[in-house]
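To start, the structure under review is shown below, and the notes come after it.
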């Protein structure tokens, strides 16, 4: 999901839409389990009825994302993000629990989007440049 207003949004004469901004990719280890996030700049383009783009992190494969969180309102799986999982930052348990309880699922981030965006903006520097091999303190969560 875009965590701040997009830098650039435009539509073409043919109706296609495009948006570019800071995007938070969310992944989970299992349904109902731990959520982790990382933020990068992503350009999304309309592909049929979907907004799709590529999430790139230097040294890792490109990850195709669509809709909110990367998988049409659902988090990507740990397998989808591969080795990037270890570089992602754990989302606080209270926000993760609220997502799993209140989320309506497919194609919708749900009413918890403002909580995710607020958390992401507070922890922006950590989410955009995670450090490897060092403990990170993020709103009461410690990643090692």
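Values in this text are rule-based calculations from the coordinates and carry no lab data. Only a predicted model underlies this, so the values are computations on that prediction, with no experimental measurement involved. No Cβ is skipped: glycine too gets one built from the backbone with ideal geometry, and neighbour counts run over all protein chains shown.
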query: How much length is gained if the chain between residue 29 and residue 83 is pulled fully straight, taking 0.36 nm per residue apart and subtracting their Cα-Cα distance, in nm to one decimal?
result: 18.2 nm
Label-to-label distance, nm, for residues given as residue 13 and residue 124 (7 Å Cα→Cβ offset): 3.7 nm
message: Can you compute the modelled spin-label distance between residue 94 and residue 50, with each label point 7 Å from Cα toward Cβ, in nm?
response: 3.5 nm
- prompt: At what distance in nm do the modelled label points of residue 61 and residue 41 sit from each other, each positioned 7 Å from its Cα along Cα→Cβ?
  reply: 2.6 nm
